[in-house]
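Data block below; observations after.
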Amino acid sequence: MVPRKTLTFLGADGAGKKTLVGQFVWKMGPDMALVERLEKNNIRRLNEMQPFMEQHGIEMPVDLSPHAYHVIGLSQEPDVAAWVVDATSPDAGERSSRGVSFVLVKCLVTAKREAAGIDQQNVQTFFLILVAIVDLRHRDKINWSEPDFNAVASRFQGLDCLPSGTSIIPVSGFEGTNLVDVPGDIVWMNQSPAGGEVKSGVVLGKCLADLLY
């Protein structure tokens, strides 16, 4: 049987988690039974998909690899946790970076280590920082630049609470950019000389799906 992993999207209110989740599930190709059920219940917007599925107890599987599949949901002990940051926030993610410290240390990694009952060094949630454009009101910033991304990413680089190997990547929940494919038309997202080399946590040249394999 293919292993199951839990993927949880977290972040401050208004960061765009629902839109991002809906876009990601849609990009990965939901089965027809789910599509028909969404249409029957008049679920037309991406940000309505996650609340509807949670309300009705419908799992959101995402098939990414022959070695494992991911189920998107809320979990205190996720295998993968993705923190969503609003790239258009006036404070360039400063408040969000403070919030991730509390959530990660208090609720996620600590809970998982205690549940496992083993040494802290041997258990670790794979953590991602998604710097996202998700809101239609900021449509003029959809084609945001490398400086926009770097300004937000710098808020998270060097945080002591982040697990080793945490990746920081740019995505767009509104357009689905860099979720399942690296965009060929955005040059700076493809500039990593090693095809995805990590530098201070920032990953370019790889999309979200690539990091979950």
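Values quoted throughout were computed directly from the atomic coordinates according to the rules given, and no laboratory measurement underlies them. What you see is a predicted model; the values in this text were computed from it and never measured. All Cβ positions, even for glycine, are placed from backbone atoms using ideal geometry, and neighbour counts span all protein chains on display.
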Sequence order, the range 16-22: Karplus ³J(HN,Hα) from phi using 6.51 cos²θ - 1.76 cosθ + 1.60, θ = phi - 60°, Hz rounded, Gly and Pro as x, gives x, 4, 4, 4, 5, 4, x
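Which of Cys207, Cys161 has the fewest other C-beta atoms within 10 Å, and how do the rest follow up to the most?
Working: Cys207 21, Cys161 17.
So the ranking, lowest neighbour count to highest, is Cys161, Cys207.
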Any residue on another chain or 5+ positions along whose placed amide H is under 5 Å from the amide H of Ile72 is listed here as Leu7, Met60, Val62
Quick calc: nm separation of the 7 Å Cα→Cβ label points for Asp181 and Asn150 -> 2.8 nm
